[in-house]
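Have a look at the structure below before the remarks.
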Amino acid sequence: MRVIGLETSCDESGVAIYDAREGLLAQRLHSQSRMHAEYAGVVPELASRDHVRRILPLVTEVMREAGTGWGQIDGIAYTAGPGLVGALLVGASVGRSLAWSRGLPAVPVHHLEGHLLAALLERPAPVCPFVALLVSGGHTLLVKVERAGRYEIIGETLDDAVGEAFDKTATLLDLPYPGGPALEQLARAGDPARFSFPRPMVDRPGLEFSFSGLKTFAANTLLGYRHASDRDRLRADVARAFQDAVVDTLAIKCRRALRATRLSRLVVAGGVGANRALRQRLTELAREEGGEAFFPRAEFCTDNGAMIAFAGCLRLQGGEWTRGGFDVRARWPLDALQAIAPG
Amino acid sequence: MKLLAIDTSTIACSAALFDGGDPRERFEIAPREHADLLLPMVDALLAEAGWSREQIDVIAFGRGPGAFTGLRIAAGVAQGIAFGLDIPVVPVSTLAALAHGAMREGGGTRVLAAMDARMREIYWGAYELEGGGRLVARGAEQVCAPMDARLPVGEGWFGAGDAWDVYGDILRLRLGPRLAGWDAGRYPRARDIALLAAPVYMEGGGLPPEQALPVYLRDNVAQPKKRKPSAPE
């Protein structure tokens, strides 16, 4: 079974082709982040306008790269939510009508399911059940994955998502948008001993997160040292203290989650999962807990078409597709999904 | 020639089939339901006409101006179908379609198409039917305040579109006796998209699928954020 996947939920246009036997055949991504940089954040209308220009040329490219004609395609998957409605509708309208025109099944995919299952594209792939930490610009979740399609949210952020906290703090540090990767870079030169930021919500039981206070703490630190002579030094040290606090907090909650669920496998997904300090720390932690941590390669952590093609292929093998319109959902609870039937 | 036309540029959603006779059309006022309605409408039309999908030669769509999300739905569907069937697309102005519909039903030859563009602006275009039945635009399409809409010369103009309700007072005042009448309850329809697109296609004016793109007219949709000055010294 061979499926084309389209992802347009936010500011990346992604297209890929996944084959159930041969694996990922081709994938292409167009990132809009440079376009949104001058607005210091994603402008939904501009994102939608860009998707509708990019998506079809990307489809052409992946089909050419995969050497695939329509005769070998068994379905079209597209992200149907959650995300920006206008942006989602581009992938949904193109995907659904491509399927319609070829008489193929169309599969609406949950964006976060795509992220959660992205690690299964790698070898060795984690075996269910596992605990997933999903960390991105829009989400911070701890999820117990019993099996593909059966997700129990066991921890969530109460305010900012981790990636959002990274981006906002990066802005305070005069880093260009999107600042997450730039902040990581800057933190490498920072002194871990100079500042100690709080570890939010680790002093009480539970798996909830809160990251908005860390950004404020960074702002206040910068304000307190505004007369410091070596500002570059200061920025690096603040970046380091911020990242250490985030990584520490996530690690503490992941440890709790593994113990509470009595599971040993930890899967990390979402854009912040590309952060190397976080990867290293969670790898050690999983080992300490007698388990193993799994990370998709960086290009599968951020939004991409491959994860949608893959999740869509699993759903299609399980007999799920849509015959009607192509409605999308800005909000769509992950735990509302049904388990995927074995294909 | 078998032509499929779609339009989702306003609160109306419509699809039409045309092969030379009277177009077969589905039309519904259905705000926010376009994504659910459009393809089932096309399915129903195909079944009624006894066409198969593969017989469609060309797809025409309302390229705008209009509601941004709606324009992208029509463009996205046109892209998907055209790419899947390996057929060309014909983008059609929604203002021209609006004017064409008013002439088709009202019999006049001069129409001022005006759609509410929100933010106290309108989408505006003047159209005339020339000898030989060809619709011609008098001046470029505009997005502007009703006060700034460019008025064409001559008399006997008929107003069409919902802006003639929302901003009717200003527009009527400006036109004075040159306005022959108006119909604010009219929207662009796939039937007129089809009739306008057919000659374009026949003359070789079809475009490749990836060029099925919206024309928004309003392009200043976001203000760049000024860089904050560095922390105070």
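The values are calculated or read from the model by the stated rules, or taken from the named source; none is laboratory data. From a predicted model like this one, the values you see are computed outputs, not experimental measurements. As a convention, Cβ positions derive from the backbone with ideal geometry for all residues, glycine included, and neighbour counts pool all protein chains shown. Heavy atoms of the whole protein, side chains included, go into the accessibility calculation; ligands, DNA and RNA do not. Shrake-Rupley method; radii C 1.70, N 1.55, O 1.52, S 1.80 Å.
Yes/no per residue for (1) open to solvent by less than 60 Å² (accessible area, probe 1.4 Å); (2) within 15 Å of the chain's Cα centre (by Cα):
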residue: B:V166; (1), (2): no, no
residue: B:R172; (1), (2): no, no
residue: B:A180; (1), (2): no, no
residue: B:L196; (1), (2): yes, yes
residue: B:L207; (1), (2): yes, no
residue: B:V215; (1), (2): yes, yes
residue: B:N220; (1), (2): no, no
residue: B:P224; (1), (2): no, no
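Residues in segment A:183-214 that are under 21 Å from the mean Cα position of the chain (by Cα) and open to solvent by 30 Å² or more (accessible area, probe 1.4 Å): A:Q185, A:E208, A:S212.
Among the residues making up segment B:61-117, a single one is among the hydroxyl-bearing types (S, T, Y) and part of a loop (DSSP other than H, G, I, E, B): B:T109.
If you take the residues in segment B:69-97 that are out of contact with any helix residue (DSSP H, G or I) (no Cβ under 7 Å at 6 or more places or on another chain), within 20 Å of B:M1 (Cα to Cα) and not acidic (D, E), which one is farthest from the other protein chains (Cβ to nearest Cβ)?
Looking at the filtered set, the residue picked out is B:P91.
Do the conditions hold for A:G271, that is, is it open to solvent by less than 60 Å² (accessible area, probe 1.4 Å), modelled with pLDDT under 95 and assigned by TED's automatic domain parsing to the domain that holds A:R194? For A:G271, the condition - open to solvent by less than 60 Å² (accessible area, probe 1.4 Å), modelled with pLDDT under 95 and assigned by TED's automatic domain parsing to the domain that holds A:R194 - is met. When A:R49, A:R54 are screened for being within 14 Å of another protein chain (Cβ to nearest Cβ), open to solvent by less than 40 Å² (accessible area, probe 1.4 Å), within 21 Å of B:L213 (Cβ to Cβ) and charged (D, E, K, R), only A:R49 passes.
Residues of segment B:1-22 that are open to solvent by 10 Å² or more (accessible area, probe 1.4 Å) and over 16 Å from the mean Cα position of the chain (by Cα): B:M1, B:K2, B:F18, B:D19, B:G20, B:G21, B:D22.
In the set A:G290, A:G324, which member is within 14 Å of another protein chain (Cβ to nearest Cβ), small (G, A, S) and surrounded by fewer than 20 Cβ atoms within 10 Å (Cβ to Cβ)?
After ruling out the rest, the residue left standing is A:G324.
A single entry from B:L179, B:L196 fulfils the requirement of being touching a strand residue (DSSP E or B) at 6+ places or on another chain (Cβ under 8 Å) and not assigned by TED's automatic domain parsing to the domain that holds B:A12: B:L179.
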